[in-house]
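Here's the structure we're looking at; comments come further down.
The values are calculated or read from the model by the stated rules, or taken from the named source; none is laboratory data. Keep in mind it's a predicted model, so treat the numbers as computed, not measured. Backbone-built Cβ (ideal geometry, glycine too); neighbour counts: all protein chains shown.
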Amino acid sequence: MVPGEKYRNFRVAVYCTAHDIVRMNDSKWLEESFNVLKRSIAFSKVYLETFRDNVLVSKDLIRRVKDFFQDKGVETSGGIATYVSGGFSFQSLCYSKPRDREKLREVVKLTAELFNEIIFDDFFFINCKCEECIKAKGSRSWTEYRLRLMEDVAENIVVKTAREVNPNVKLIIKYPNWYDHYHYLGYSLDFESKLFYMIYTGTETRDPEYTHQHLQEYQSYSIMRYLENVKPGGNGGGWIDPYMRRTLDRYIEQIRLTIFAKAREVTLFCYGSLLESIKQNGVSMPTSSVAPTVGKVFEDMDLLIGKLGQPYGVKSYKPFNSSGEDFLHNYIGMLGIPIELTPRFPEENETVFLTECAKFDGEIIEKIKKHLINGGDVVITSGFVKAMQNEVSRELVEVEYTSGKILVKDFSEFFPLRDVYHSDVEILVPHLKYPTNDAWEIVTCLSKGNGCPLLMGTNYGKGVLYILTIPDNFNDLYHLPPQVLNTVRRAFSKNLKINLEGPSRICIFLYDNDTFILHSFLTHTSAVNIAIKGKGLRLRELISEEVFNGFERNRETVFQVYLQPSSYRAFRVE
């Protein structure tokens, strides 16, 4: 790709914070830094922030910076970050106080006068517990109070003010990466996604082990798909940053998975964080160690993404304003099970995956029954059983989530005397009791001559209800033996043409034109089998065009694929 030329299948934007823009008052630094980034990354848009952390950029400076980028052929939009420093980490504005409501109104007014499109960075929430907030909350829960408060702020301060100033303005709300906790801090996803012109997705996952959130790599894909299903066609793109990572690979993986999810735009946060400074002949100059690598990733993705169809996977229903077994969907995705998060219960007769968060739908048991009776399969977790114990036992199967726990390393399948598979660590699982011959163990946890189900199933109507036992530590799922994981994957794959066999931490991404991607998050070379329904099939690698033959097994064609650490391969089934 010629430097400066736009990408064909997505576009790249760079977010410039208020602090970045203050620094851009130095026109020499602005010119030099722009050239450093543009040399490697063909970004065609910038978001110029007017307010962050009590820094309100002057109209004059915003206009000068805006003119600079537009003269370079780069589209400009506005940005607002509604937080101030103080307390523990980020502190939101306090929307119980007239002073802060007026401050927001002034910032929105100024920004709408300058731009026809404005994005709100992911601080449009409230975490204040001052005396005014405590009094205003009254007897309501913090969640209920904050949801109603932020709906009012969004509609009557943000949208109303912006449209009074600029009737043509398009408002975008960017959601953070903590999707299971939105409602706790006032993000009203259903309400806001309809109110705002567009939504945007925070696909930052950073380091999965040494950060407080412990977000799994797969979430850069799954949250993108979830918000696309919240507002089909209205999810503007994915947003990543280079922070909290041990290796550059972790940053690159976030970009890849955002684009695997078919993001229309990728925003890099932020301008200043993409740059470093070096001294040459005693003079400081901007440079970037990440931009060349990031630019190469975008070029590689642009060559690939146009060959893929629309993403699909096992639909996992997460109702609005729900939580429970938080972020478990992404651990399942890391097992090589393609997950398609959706805020609406699927109507098609396909496999549906339900975690504990589905309990927030008051009609969930009736929806499960109807789905099973019509021939769909449902996979529920032990956490769902615990949360809905009485309803599950009364209506579906009399399985009991007991108070017991079992520490296990060994596992067997339906015929326990045939093979026993071993984990490399001991895994603590809850003990579920079930009625003999009404439900059947498909995978058994073995411990000192005793055991309990890891996966069980029961017939219901024309479908099958599966129950998957989740370890106390979700990460222990990664330590299940490959043979056990293969059986678990099969429970999810009734409607899938393509199935992965092998260890955990290798993800599969499926598309509706018979293409798929494998991505390894392992630190060593690995091999997996890809089992595809049908005989006499071939695989064509999408980039090299190399063709591979497999072998036939039980009305499937099976291919062995090797993957390098932190790498991906993409194929078409022929």
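Residues in the stretch 9-33 that are over 25 Å from Ala261 (Cβ atoms) and out of contact with any strand residue (DSSP E or B) (no Cβ under 9 Å at 6 or more places or on another chain): Arg23, Asn25, Asp26, Ser27, Lys28, Leu30, Glu31. When Phe492, Phe474 are checked against the criterion of being in the same structural domain as Asn374 (by TED's automatic domain parsing) and buried (at least 19 other Cβ atoms within 10 Å of the Cβ), Phe492 stands alone in meeting it.
Of all residues in the stretch 42-56, those satisfying the criterion of being aliphatic (A, V, I, L, M), closer than 25 Å to Lys103 by Cβ and surrounded by fewer than 24 Cβ atoms within 10 Å (Cβ to Cβ) are Val55, Leu56. For the stretch 542-567, the set of residues classified as assigned to a loop (DSSP other than H, G, I, E, B) and surrounded by fewer than 12 Cβ atoms within 10 Å (Cβ to Cβ) consists of Ser544, Glu545, Glu546, Asn554, Arg555, listed by residue number.
Does Glu217 qualify as being surrounded by 20 or more Cβ atoms within 10 Å (Cβ to Cβ) and touching a Phe, Trp or Tyr at 6+ places or on another chain (Cβ under 6 Å)?
It is true that Glu217 is surrounded by 20 or more Cβ atoms within 10 Å (Cβ to Cβ) and touching a Phe, Trp or Tyr at 6+ places or on another chain (Cβ under 6 Å).
Within the stretch 116-136, the set of residues being surrounded by 15 or more Cβ atoms within 10 Å (Cβ to Cβ), more than 15 Å from Gly186 (Cα to Cα) and within 29 Å of the chain's Cα centre (by Cα) comprises Glu117, Ile118, Ile119.
Being over 21 Å from the mean Cα position of the chain (by Cα) and outside any strand (DSSP E or B) is a description that does not apply to Asp476.
Of the residues making up the stretch 58-86, those that are in contact (Cβ under 8 Å) with a residue 40 or more places away in the chain and closer than 23 Å to Ala154 by Cα are Ser77, Gly78, Gly79, Ile80, Ala81, Thr82, Tyr83. Restricting the search to strands (runs of 3 or more DSSP E) fully inside the stretch 244-338 and requiring at least 3 residues that are in contact (Cβ under 8 Å) with a residue 60 or more places away in the chain and in contact with a Phe, Trp or Tyr (Cβ under 9 Å, 6 or more places away or on another chain) gives 265-269. Restricting attention to the stretch 190-203, the residues that are free of Cβ contacts under 8 Å to residues at least 60 places away in the same chain and part of a helix (DSSP H, G or I) total 5. Looking only at residues of the stretch 165-189 that are assigned to a helix (DSSP H, G or I) and touching a helix residue (DSSP H, G or I) at 6+ places or on another chain (Cβ under 8 Å), we find that the one that is nearest to Gly236 (Cα to Cα) is Leu189. The residues listed here are Arg99, Arg105, Arg146; of these, the one that is under 15 Å from Ser188 (Cβ atoms), assigned by TED's automatic domain parsing to the domain that holds Tyr15 and at pLDDT 95 or above is Arg146. Identification of helices (runs of 4 or more DSSP H) wholly contained in the stretch 363-450 with 2 or more residues that are more than 18 Å from Pro471 (Cα to Cα) yields 364-373, 389-395. Residues of the stretch 405-445 being touching a residue at least 40 places away in the same chain (Cβ under 8 Å) and out of contact with any Asp or Glu (no Cβ under 8 Å at 6 or more places or on another chain), which ones? Once the filter is applied, which keeps residues that are touching a residue at least 40 places away in the same chain (Cβ under 8 Å) and out of contact with any Asp or Glu (no Cβ under 8 Å at 6 or more places or on another chain), the stretch 405-445 yields Ile406, Phe411, Asp424, Ala439. Among the residues of the stretch 345-362, write down those that are in a strand (DSSP E or B) and not aromatic (Phe, Trp, Tyr). Those that are in a strand (DSSP E or B) and not aromatic (Phe, Trp, Tyr): Val352, Leu354. Taken over the stretch 35-70, the criterion of being part of a helix (DSSP H, G or I), touching a strand residue (DSSP E or B) at 6+ places or on another chain (Cβ under 9 Å) and of a type in the set (A, V, I, L, M, F, W, C) is satisfied by Val36, Leu37, Ile62, Val65, Phe69.
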